[in-house]
Amino acid sequence: QVQLVESGGGLVQAGGSLRLSCAASGRTFSSYGMGWFHQAPGKEREFVAAISSSGAYRYYADSVKGRFTISRDNAKNTVYLQMNSLKPEDTAVYYCARSVYSSWYPSSDPTEFASWGQGTQVTVSS
């Protein structure tokens, strides 16, 4: 059984930074890829970033390339999202999720993710 808990969200001014964390409670964390998605009010959940099980391969949405960095610490069963140069349009609830399959190559397809966390709110003021 896998449980994911996001943390690190908050209120920040445009141009500022936040680091989100996603702690996994369960077995075989290091065997699966992880991803971050966000959802703004009235909008669909949208892909942000993903990382392979080893951390060697990373994939980002065009809107966050050069600003966000996904990473993981398998010894701590935790995945991170470092968010720099934040913009008001980044305001959303951020969710992490585990890939459905092991040995998975990062993608943006939400059907390839499962075990969603409860989310953490990120608000960027202008």
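Take A14 and decide whether it is farther than 29 Å from S126 by Cβ and of a type in the set (G, A, S). Outline the logic, then answer.
Working: farther than 29 Å from S126 by Cβ: no; of a type in the set (G, A, S): yes.
So A14 does not fit the description; no.
Taking the range 89-108 as the search range and keeping residues that are of a type in the set (F, W, Y) and part of a strand (DSSP E or B), which one is least open to solvent (accessible area, probe 1.4 Å)? Before you say what the answer is, go through the steps one by one.
As a first pass, look at the range 89-108 and keep what is of a type in the set (F, W, Y): 94-95, 101, 104-105.
In the following step, the residues that additionally are part of a strand (DSSP E or B) were identified as 94-95, 101.
Values: Y94: 0, Y95: 35, Y101: 151 Å².
Among those that are of a type in the set (F, W, Y) and part of a strand (DSSP E or B), it is Y94.
When you scan the range 1-88 for strands (runs of 3 or more DSSP E) that lie fully inside it, which ones turn up with 2 or more residues that are of a type in the set (D, E)? Walk me through how you get there before you give the answer.
Values: elements: 3-7, 10-13, 18-25, 32-39, 46-51, 58-60, 68-73, 78-83.
Fully inside the range 1-88 and qualifying: nothing.
If I go through the range 109-124 residue by residue, how many of them are open to solvent by 40 Å² or more (accessible area, probe 1.4 Å) and part of a strand (DSSP E or B)?
2
Exactly one of these conditions fails for R72: (1) at pLDDT 95 or above; (2) open to solvent by 60 Å² or more (accessible area, probe 1.4 Å); (3) of a type in the set (K, R). Give me its number.
All conditions are met except number (2).
The values are calculated or read from the model by the stated rules, or taken from the named source; none is laboratory data. Given the structure is predicted, the values throughout are model-derived calculations rather than measurements. Counting neighbours? That spans all protein chains shown, and the Cβs are built from the backbone with ideal geometry, glycine included. The area values use the complete protein model at the heavy-atom level, side chains included, leaving out ligands, DNA and RNA. Shrake-Rupley method; radii C 1.70, N 1.55, O 1.52, S 1.80 Å.
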